[in-house]
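Trainee: This is the structure I have questions about; it appears just below.
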Amino acid sequence: MRRQPASTIILLMWLFLSAGCRTGSNAGRPNQTRAEDESTLRQAPAEWDRLFSSGQAAGLAALYSPDLVSMPYDSPSVRGRQAQQGTFEQFFADNENPRHETTVDEILATNEWAIERGRYTMTYTPRKTGIQMVETGRHVMCRRKVDGVWQIVWEIWNTDKPLK
């Protein structure tokens, strides 16, 4: 039996491994085409913004995975969908006129995972002070497709200028 050169074996391994990460593949996604997934992922930030801006804590929490890890700036990590819902509920109780606007800079996706990198502007008015706050920042969000639904599994975000 003739042995293959190491470079041929490495090339074949690379081709095999990269085939599973190809964005054009539809393997493992019986209900959606790649174009539908890309459309869903592009629309997801607008849905998040809509729910936040209308103060819908339960609707926002439903976008997250039960095993979520959220890593906000200057705060401990929030673990789990229910804890995240509580965070949203507290924010909406403490503030009025919430508004969130996301700009997506990049989305990288495979069949089951997607990473979104973006920027945001958030305005809100703390009930205690009545002074409108404007926050801008950046985020990285990872989504996993579970039973045909893209859920936020982890996120990290920070402000451009820390609030005081």
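Trainee: To the nearest 0.05, what FRET efficiency results for N158 and T33 with a Förster distance of 30 Å applied to their C-beta separation? Please list the in-between numbers first.
Mentor: Values: r = 35 Å, r/R0 = 1.16.
Computed FRET efficiency for N158 and T33 comes out at 0.30.
Trainee: Amide H neighbours of G137 under 5 Å, counting only residues 5+ apart in sequence or on other chains, H built in-plane at 1.01 Å?
Mentor: Excluding prolines and chain starts, which carry no amide H, the hits are Y120, D160.
Trainee: Quick one: what are the phi-derived ³J(HN,Hα) couplings along region 126-131, Karplus 6.51/-1.76/1.60 with θ = phi - 60°, whole Hz, x for glycine and proline?
Mentor: Values per residue, Gly and Pro as x: x, 4, 5, 9, x, 9 Hz.
Trainee: Taking the simple approach of a point 7 Å from Cα along Cα-to-Cβ for both E101 and R144, what is their distance in nm?
Mentor: 3.4
Trainee: Convert each backbone phi in region 57-67 into a coupling constant with the Karplus relation 6.51 cos²θ - 1.76 cosθ + 1.60 (shift: θ = phi - 60°), then list the ³J(HN,Hα) values in order as whole Hz, x for Gly and Pro.
Mentor: Going residue by residue, I get 4, 5, x, 4, 4, 5, 6, 9, 6, x, 9 Hz, with x marking Gly and Pro.
Trainee: Post the alpha-carbon centroid distance, region 65-84 to region 89-153, in whole angstrom.
Mentor: About 13 Å separates the Cα centre of region 65-84 from the one of region 89-153.
Trainee: From Cα coordinates alone, what are the radius of gyration and Dmax values for region 30-159 in angstrom?
Mentor: 14.8, 51
Trainee: Something else now. What full-extension length gain, to one decimal in nm, is calculated for V134 and S54 as 0.36 nm per residue of separation minus the Cα-Cα distance?
Mentor: Extra length from V134 to S54 when fully extended: 27.1 nm.
Each reported figure results from applying straightforward, stated rules to the coordinates on display, with no laboratory input. Remember, it's a predicted structure, so these values are computed and weren't measured experimentally. FYI the Cβ positions are ideal-geometry reconstructions off the backbone, even for glycines, and counts take in every protein chain you see.
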